[in-house]
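The next block holds one structure in the form of C-alpha cells; read it before the comments.
The values are calculated or read from the model by the stated rules, or taken from the named source; none is laboratory data. Since the model is a prediction, treat every value here as computed from it, not as a measurement. Don't worry about glycine lacking a Cβ; one is built from the backbone with ideal geometry, like all the others, and counts go over all protein chains shown. Side chains included, ligands, DNA and RNA excluded: accessible areas come from the protein's heavy atoms. Shrake-Rupley method; radii C 1.70, N 1.55, O 1.52, S 1.80 Å.
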Amino acid sequence: MAQRLCVALDTDYVDFYHFWSINQKVFDEKIVPLGLMEKALEMKAKGKIKYAGFSFHDDYEAFIRIVDS
C-alpha cells in the first residue's frame, strides 16, 4: 500500500494517506476485509505515512460506528 506509493513517488514516506469516499458499505465490504486500517496503522508506525485520514459520505450513525471500530 504505502510502500508501493513511496516507490512510485521516489520518496521514503508520504505526508498524507487518504481513504476516499468512505461509507458503511465500503467500510464493511472493503476496508475491514482487506485489513486496510491495520495496514495504514502499520505503515504509520514504520514511518511510511505521517498522517492518515478519510472522507466520509454516509449518516452520523455510520460515522460513529466506523470511528469507534
Within the range 20-61, restricting attention to residues that are in contact with a strand residue (DSSP E or B) (Cβ under 8 Å, 6 or more places away or on another chain) and in a helix (DSSP H, G or I), which residue is nearest to Cys6 (Cα to Cα)? Met43
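Results for (1) surrounded by 14 or more Cβ atoms within 10 Å (Cβ to Cβ); (2) within 11 Å of the chain's Cα centre (by Cα); (3) not acidic (Asp, Glu), shown as yes or no for each residue.
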residue: Met43; (1), (2), (3): yes, yes, yes
residue: Lys50; (1), (2), (3): no, no, yes
residue: Ser55; (1), (2), (3): no, yes, yes
residue: Asp59; (1), (2), (3): no, no, no
residue: Ala62; (1), (2), (3): yes, no, yes
Checked the range 2-22 for anything touching a residue at least 24 places away in the same chain (Cβ under 8 Å), open to solvent by 40 Å² or more (accessible area, probe 1.4 Å) and at negative phi; matches are Gln3, Asp12, Tyr13, Asp15, Phe16, Tyr17, His18, Trp20
